[in-house]
Amino acid sequence: MCASRLSGPPVLALLVFLLAACQPAGGHVGAVATGHFSAAHKFPVLLVAWCGETGPRQVDLVGGQLRRHLVATREFDGNRLEVDLSAPGDDWRITDGAGEPVYRLVPESEREEYLVGIGSEPGEPGEGTEHDIGTVVFTTGAMADDEGVYARAEGVSEAEFAAREDFPPEC
């Protein structure tokens, strides 16, 4: 009897609303591969695009002994952002794995593999956050060999390069 009351267009409308509400915000993260010598010795610029209402609040940079967390000092408008990991500016507070302030970001080695994760919620000082917007894995040496946007998600063995105008893909 209850099923007969909850049928037809009202149920379909409720189902569509619930499915839309359950969709993850997600997003895309890429690193600009500059294709020149200095790229092997400095961190790239990140291209971040998010699909939901909430933009990035924390960037985690992890590789080798390096643990850095960039926590946003403001909210970002729109749904796209560039973050220069070598010089992130006043929009970000940088800390190490213990939560202490850091003033400079330099790669340990051009062969070291780095994971960058972007989250819409900041973690406690020195702690990572859920990377619900996206991740990218790179070595600065590989990025010096190519040009375009480097996109390789965590757990994927092959990197993808795209033209800057083709990034990001649709949500």
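Consider GLY26 carefully, then state whether it is at pLDDT below 90, loosely packed, with under 14 Cβ neighbours inside 10 Å and either touching a Ser or Thr at 6+ places or on another chain (Cβ under 8 Å) or not hydroxyl-bearing (Ser, Thr, Tyr) (or both).
Judged against the criteria, GLY26 is not a match.
Return the residues of segment 76-90 that are touching a strand residue (DSSP E or B) at 6+ places or on another chain (Cβ under 7 Å) and surrounded by fewer than 14 Cβ atoms within 10 Å (Cβ to Cβ); say none if nothing qualifies.
Matches in segment 76-90: GLU82 only.
Quick one: in segment 105-121, which of the residues that are of a type outside the set (Ser, Thr, Tyr) and over 13 Å from the mean Cα position of the chain (by Cα) is surrounded by the most Cβ atoms within 10 Å (Cβ to Cβ)?
Filtering first and then ranking leaves PRO107.
Among the strands (runs of 3 or more DSSP E) confined wholly to segment 37-128, which include 1 or more residues that are under 28 Å from GLU165 (Cα atoms) and of a type in the set (Asp, Glu)?
Where strands (runs of 3 or more DSSP E) fall fully within segment 37-128 and carry at least 1 residues being under 28 Å from GLU165 (Cα atoms) and of a type in the set (Asp, Glu), they are 58-63, 80-84.
Do we find a residue being farther than 22 Å from SER109 by Cβ, touching a Pro at 6+ places or on another chain (Cβ under 8 Å), modelled with pLDDT of 75 or more and of a type outside the set (Asp, Glu) anywhere in segment 137-158?
no
The values are calculated or read from the model by the stated rules, or taken from the named source; none is laboratory data. Everything quoted here is computed from the prediction, not taken from an experiment. A quick note on method: Cβ atoms are made from the backbone with ideal geometry, for glycine too, and the neighbour counts reach across all protein chains shown.
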